[in-house]
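Below is one structure, written out as structure tokens; comments come after it.
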Number of protein chains: 2
Amino acid sequence: MATRAADTTRSDADPRPETDTTLRTAHAGPRARPGGRSARVRTAVHRAVIELLADAPAEQLTMPAIAARAGVHPTTVYRRWASLGDLLAAVAESRFTDDLVVPDTGSLRGDLRRWVTDVATDLTDPETLAIIRAALGSSTGGGCACIVERRTQLGAMLDRERDRGGVVPTVDRAADVLMAPLYFRALFTDQPGDADWAHDLADSLVDHCATTAVATRPSSA
Amino acid sequence: MATRAADTTRSDADPRPETDTTLRTAHAGPRARPGGRSARVRTAVHRAVIELLADAPAEQLTMPAIAARAGVHPTTVYRRWASLGDLLAAVAESRFTDDLVVPDTGSLRGDLRRWVTDVATDLTDPETLAIIRAALGSSTGGGCACIVERRTQLGAMLDRERDRGGVVPTVDRAADVLMAPLYFRALFTDQPGDADWAHDLADSLVDHCATTAVATRPSSA
DNA sequence: GCATTATTGCAGCGATCGTTGCGTTGACGC
DNA sequence: GCGTCAACGCAACGATCGCTGCAATAATGC
């Protein structure tokens, strides 16, 4: 995990019903051409979306506006991405991968405290927030793209602690205690949540897990 | 709280810089006319927004479409609501008021368990989810409108318990433990969360508050 | 280097959006 | 009841959106 193909080599929404895996390999066959220019266009469009979302009232984020900002013809944007929602989901996904290294401090508590702080800091960025909001607003389940990577990171830290022999909560439980408050406050309130608060979240999860042996329970949901 | 003017008598976004409170009283003066027709139009437009959000891919929610669905002329919608974001925020706010009675079972645990279940059930409704998503996506901080009423309800239950002499957490803490997971799962995942899971949330808050005397701490953030 | 072809640019089109001016309706105070 | 004026409907307009032909470019395999 967290080692997916780099941002410049992936094709966003290829309408051709081919197997994605074969495209990522070196011998991609005579089809698909994610070469220099396509990658450049892709990067430019993604950056344009982020920039426009940052300093624009959103909602006036249209395909032509994105194309103009990216220095690309609108037709290109229309053809490569089926809809604005797809584009937003792609931007969200590519932005939230490889942007945050999973900490490895040696203890679960240390890892979680560090990771929660990093995520909280990231959620302070207006750009990040704008992308999440826009992706959530779009129909094409762009919301999942925002957190799938974060869930993977969380799972990695829990797995590592489990390998150390510690009792760990489920990923769902950890997401409820850590990710949920982080994202909830960032999206719905004006309190970004400071470092102390974030640390308390991590501590409460670890402490609760230490006192009660709920980790072995099958867990609801 | 929860006793604001009924849905049919409020004016959404009156551009006139008057004091809102005077408008709600009976002797509203010679200005403002939230009478029968205006209220009818308002209700129709709100319903149209909800209906369109329910069975449309969203994002193709435009002012003319809303007007057509509401049986109202587009000009009316343009004039009464400054932007689509304002309209969405207004719809969100009016929908999340008076739609859920604050339970009063006699104990904080019972109140919270009941309330959490109700909120979880509400978040199962696709219409509700669509409104929240759309309001979040709009620029004009429509996100706050979705939860401000819920926060008030939560605070009311906590205040009642405090009057009973019990130790209660802060509203922020309760929101982190209860509301955050509810909304996070509803927005970002496909697991709506069942009744048992919701009850566990309420229990964890009450139990944690009972074991440790953190309630008297000034609490961060 | 050269042929192939995925990808982009270009021009132009229908459709719809968002706005404005003006006449009409109907809620409110008397 | 009647007059007043906020709120709505109507028609028309410019602007922009989203899409589709076809030509040009450049990445890929040989």
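Some values worked out for this structure:
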item: Qualifying residue in the range B:30-44 (condition: within 16 Å of DNA strand D (Cβ to nearest atom), within 14 Å of another protein chain (Cβ to nearest Cβ), modelled with pLDDT of 90 or more and open to solvent by less than 70 Å² (accessible area, probe 1.4 Å)); result: no
item: Tally of residues being outside any helix (DSSP H, G or I) and either closer than 27 Å to residue A:130 by Cβ or under 17 Å from the mean Cα position of the chain (by Cα) (or both) across the range A:154-195; result: 6
item: Sole exception among (1) at pLDDT below 90; (2) within 14 Å of chain B (Cβ to nearest Cβ) for residue A:101, by number; result: (2)
item: Members of the range B:84-118 found to be within 15 Å of residue B:159 (Cα to Cα) and among the small types (Gly, Ala, Ser), listed by number; result: B:106, B:107, B:110
item: Qualifying residue in the range A:101-118 (condition: of a type in the set (Asp, Glu), open to solvent by 20 Å² or more (accessible area, probe 1.4 Å), assigned to a helix (DSSP H, G or I) and within 26 Å of residue B:137 (Cβ to Cβ)); result: yes
item: Among residues of the range A:57-100, those that are among the charged types (D, E, K, R), more than 16 Å from DNA strand D (Cβ to nearest atom) and crowded, with 18+ Cβ neighbours inside 10 Å, counted; result: 2
item: Looking only at the range A:168-208, and only at residues there that are within 7 Å of another protein chain (Cβ to nearest Cβ) and charged (D, E, K, R), the one that is most open to solvent (accessible area, probe 1.4 Å); result: A:196
item: Candidates A:130, A:54 - the one that is surrounded by fewer than 20 Cβ atoms within 10 Å (Cβ to Cβ) and either within 16 Å of DNA strand C (Cβ to nearest atom) or not polar (S, T, N, Q) (or both); result: A:54
item: Boolean, residue A:152 is more than 8 Å from chain B (Cβ to nearest Cβ) and modelled with pLDDT of 90 or more; result: yes
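A quick yes/no check of all residues on (1) modelled with pLDDT under 85; (2) in contact with a strand residue (DSSP E or B) (Cβ under 8 Å, 6 or more places away or on another chain); (3) under 25 Å from residue B:63 (Cβ atoms); (4) not β-branched (Val, Ile, Thr):
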{"site": "B:79", "(1), (2), (3), (4)": "no, no, yes, yes"}
{"site": "B:82", "(1), (2), (3), (4)": "no, no, yes, yes"}
{"site": "B:85", "(1), (2), (3), (4)": "no, no, yes, yes"}
{"site": "B:110", "(1), (2), (3), (4)": "no, no, no, yes"}
{"site": "B:115", "(1), (2), (3), (4)": "no, no, no, yes"}
{"site": "B:119", "(1), (2), (3), (4)": "no, no, no, no"}
{"site": "B:134", "(1), (2), (3), (4)": "no, no, yes, yes"}
{"site": "B:138", "(1), (2), (3), (4)": "yes, no, yes, yes"}
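The values are calculated or read from the model by the stated rules, or taken from the named source; none is laboratory data. Given the structure is predicted, the values throughout are model-derived calculations rather than measurements. Here Cβ is always computed from backbone atoms with ideal geometry, including for glycine, and neighbour counts include all displayed protein chains. Please note that ligands, DNA and RNA were not included when accessible areas were found on the heavy atoms of the full protein model with its side chains. Shrake-Rupley method; radii C 1.70, N 1.55, O 1.52, S 1.80 Å.
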